[in-house]
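Presented below is the structure to which this report refers.
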Amino acid sequence: MQVGFTMDFRNPKGQPWRRFWEDRLWLMTEAEAMGFDYLSIQEHFFTADGYAPSAPVFLTALIERTRTIRIGAYTYILPLHNPVQLAQETAVLDQLSGGRLDVCVGGGHRPAEYAIFGLDPKTRPSRMEEGLNILKAAWTQRPFSFDGRYHKLRNVTVAPEPFQSPHPRLWVAATAPAAAERAGRHGANLHGAASGDAFYGAYKRGLEAAGIDPKTMRVSTPISFTVTDEDPEAVWARNRALYFERWNFYNVIRTEMGDPDLHHEAHQGPQASPEDYRPAEVIGTAEAALAAVKERTSAAPCITDIMHSGPAGGIDIRGEAYPSLKRFADEVLPVLKSW
């Protein structure tokens with residue numbers, strides 16, 4: 001099993017930005033030293049707390065501060081990018097990193113972002129389909145042409161080519177069976193934020209339709225861990241508002257988009273309470289963390305990767321997040337890597 005580490009780069013407490021970014025870049029470089037397999041940053045646009053802007057800037061900083069670990073975005077919102085430009089950007093990052101780049105794309109679930117970019121969110125599926133086709137062609141064909149609904153391209157050459165051949169390791173983030181099936185058809189690994197036979201079965205069908213053996217692909221699931229000997233309920237109480245902001249952000253925007261809440265369909269909408277999200281935070285000893293992974297993977301044996309979701313925005317990076325991550329790396333990570 002491989003284990004990734006991600007952070008959302010949210011600043012709800014208004015920490016000075018330079019210190020805020022330095023703390024998080026520091027923690028990610030520490031995660032490399034701890035033995036994580038890859039680092040991923042998240043992408044959103046135009047949020048009041050600065051949630052993850054400018055993915056290529058942070059990825060460039062990670063390239064300079066790390067040496068061997070794989071890095072990537074989790075997730076580029078593909079319909080909000082020109083896919084040719086994204087192909088060029090990621091090819092440059094792959095070259096700069098010496099072939100350490102993973103590229104994960106998804107459809108997004110925040111209507112405000114689509115509105116600001118002047119796009120209809122109902123076009124998410126067709127834009128994802130077209131964008132994936134263009135990305136792969138731009139990385140591998142010189143020149144290439146494409147005649148689609150949103151893009152009409154003729155004799156376009158994207159240079160430089162990616163360092164990795166034929167292209168950076170491709171992932172698709174999905175929360176619904178149709179998106180999982182699309183990931184499989186395009187030969188992408190799956191960052192899944194959903195569960196159940198319908199979801200994973202759709203991914204398998206997509207892979208099989210593309211003639212790809214599912215056993216050769218990677219499937220991840222995200223889990224938020226706080227490894228500590230402190231009373232879990234005391235940790236929850238101390239960070240309750242921050243945990244709520246972390247999860248309810250998605251609840252609200254997915255409700256606005258018409259997508260189901262990722263955690264509690266019965267509590268969909270902005271009226272959710274913090275306690276609705278208590279099960280989403282795995283807080284406790286290493287044994288509790290391993291038990292949570294065992295439960296998740298027993299229900300979905302196709303899972304090959306765990307994405308550690310990192311501290312909620314606003315939690316002190318050096319004083320609280322680092323000790324928890326170090327405990328995870330020392331006591332949980334070696335066991336997971338042996339599975």
ask   = Between the range 174-197 and the range 204-252, how many Å separate their Cα centres?
value = 15 Å
ask   = Do the alpha carbons of any pairs in Lys122/Lys204; Lys204/Lys294; Lys152/Lys215; Lys294/Lys326 sit beyond 28 Å of each other, and which pairs?
value = Lys152/Lys215
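In the range 1-42, which trypsin sites (Lys or Arg not before Pro) fall in coil by DSSP and have 13 or fewer other Cβ atoms within 10 Å?
Passing sites in the range 1-42 are Lys13.
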request  = Would you calculate, for the chain, the mean residue ellipticity at 222 nm contributed by helices, counting each DSSP H stretch of 4 or more residues as -39,500 (n - 2.57) and dividing by all residues, to the nearest 500?
outcome  = -13000 deg cm²/dmol
note = If one builds a Gaussian network model of the chain from Cα atoms under 10 Å apart, the most fluctuating residue listed among Gln88, Gln15, Gln42 is Gln15
ask   = Highest GNM mean-square fluctuation, the chain, Cα pairs closer than 10 Å: which of Asp231, Asp102, Asp305?
value = Asp231
key: Placed amide H near His191: partners under 5 Å, 5+ positions off or other chain   = Val172, Ala173, Ala174, Ser220
request  = Mind jotting down the distance between the C-alpha centroids of the range 1-16 and the range 310-330, whole Å?
outcome  = 10 Å
request  = Could you do me a favour and compute the accessible area per residue for the chain, 1.4 Å probe, result in Å²?
outcome  = 42 Å²
key: Cut-off 9 Å between beta-carbons: net charge of the residues surrounding Gly72, Lys and Arg +1, Asp and Glu -1   = +2
request  = Just need log10 I(q)/I(0) for the chain at q = 0.09 Å⁻¹, Debye formula, equal scatterers on the alpha-carbon atoms, no solvent, rounded to two decimals.
outcome  = -0.46
key: Ratio Rg/Rh [Cα only; Rh per Kirkwood] for the range 135-246   = 1.16
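The values are calculated or read from the model by the stated rules, or taken from the named source; none is laboratory data. Keep in mind the model is a prediction, meaning the values are calculated, not measured. Don't worry about glycine lacking a Cβ; one is built from the backbone with ideal geometry, like all the others, and counts go over all protein chains shown. For the accessible areas, the whole protein counts, side chains as well, though only heavy atoms, and no ligand, DNA or RNA atoms are used. Shrake-Rupley method; radii C 1.70, N 1.55, O 1.52, S 1.80 Å.
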